[in-house]
Structure formats: structure tokens, C-alpha cells
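Have a look at the structure below before the remarks.
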Amino acid sequence: MLVPCEVAVKTILPNIRAIIAKELSEKHHLKQTDIAKILRISQSAVSMYVRRYRGISLNLENDKEVYEKIVWLSEKIFEGSLNQMETISKVCEICRLVRSKGLLCKLHRQFIKPYDIGECSYCLGRI
């Protein structure tokens, strides 16, 4: 069985990267190779994120609070004002926010279909 963090790695993190890549590309006019260096991913991954071929299993842009936090993070990444640990902390904070809002629940259930998790409320903090 996949735990929520494993599903988050497959769904939330790619979506966060996609929004950041899009912001860096469209708002700051960075080249895909530069974005790849900043995010420490391949240029082809950036291309897939920007063209919305990857990172689309969840649409975090639909949640204003989550989207604003990701846009804020992309600004800080562009400015270079966060160190690596601060960036990691902010990504984890966004992931926890997504989970606490129940935005991951439907996907989590799809990933673990053979199992009956019933009224799982782990991500919502009601264990």
C-alpha cells in the first residue's frame, strides 16, 4: 500500500515543479536550460512541465492559497533568497497544506484501489 507521502511524490511535487517552471519561464523569461539548473532537473523535464505534459495529475492552480504559496516560492527561487534547506521546508509546507485540504485524498484512493481505506483522514490530521 502506498502511504500519502508516496502519492505526494508522484502527484503534488511534480505539480509544484510545473507551476514553478511555468512562473520562471513566463514571468521571468528564463530559458529552460536555466530553469533546469535552478531546479536541478533536466531541460526535457522543464519542457514537459511548461507544456503541461507532466505535473498535471492535480491542478493546484485551482486552490488560491496553495497557488499563491507556490508563486511566492517561485519568486524566492528566482531571487535566490532562500537557501536549500529553506526551499525544502517551503515545499514540505506546501505539500502539508495540500494534504490538509484533502486535495490528495481522491488520488490516494485511486493509487490504493485494491485496499479499503474507508474513511481515511490521515492527511486531514484526524487519525
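When the criteria are applied in full, Glu119 meets the requirement of being of a type in the set (Asp, Glu) and modelled with pLDDT under 85. Tyr49 meets each of the listed conditions (1) among the aromatic types (Phe, Trp, Tyr); (2) buried (at least 19 other Cβ atoms within 10 Å of the Cβ); (3) not in a helix (DSSP H, G or I) apart from (3). Among the conditions (1) surrounded by fewer than 17 Cβ atoms within 10 Å (Cβ to Cβ); (2) closer than 19 Å to Ser81 by Cα; (3) at pLDDT 95 or above, the only one that Ser42 does not satisfy is (2).
Among the candidates Glu68, Glu61, which residue alone is over 22 Å from Pro4 (Cα atoms) and either out of contact with any helix residue (DSSP H, G or I) (no Cβ under 6 Å at 6 or more places or on another chain) or in contact (Cβ under 8 Å) with a residue 24 or more places away in the chain (or both)?
Of the residues listed, the single one that is over 22 Å from Pro4 (Cα atoms) and either out of contact with any helix residue (DSSP H, G or I) (no Cβ under 6 Å at 6 or more places or on another chain) or in contact (Cβ under 8 Å) with a residue 24 or more places away in the chain (or both) is Glu68.
Listed conditions (1) of a type outside the set (S, T, N, Q); (2) surrounded by fewer than 14 Cβ atoms within 10 Å (Cβ to Cβ); (3) under 15 Å from Val7 (Cα atoms); (4) free of Cβ contacts under 8 Å to residues at least 12 places away in the same chain are all met by Glu79, apart from (3). Would you check which residues across segment 82-101 are exposed (fewer than 13 other Cβ atoms within 10 Å of the Cβ) and either more than 12 Å from the chain's Cα centre (by Cα) or of a type in the set (S, T, N, Q) (or both) and list them? Result: Asn83, Gln84, Met85, Glu86, Ser89, Ser100. Of the residues in segment 62-81, at least one is farther than 30 Å from Arg109 by Cβ, in contact with an Asp or Glu (Cβ under 9 Å, 6 or more places away or on another chain) and part of a loop (DSSP other than H, G, I, E, B).
The values are calculated or read from the model by the stated rules, or taken from the named source; none is laboratory data. Nothing here was measured: the structure is a model prediction, and the numbers come from that model. Don't worry about glycine lacking a Cβ; one is built from the backbone with ideal geometry, like all the others, and counts go over all protein chains shown.
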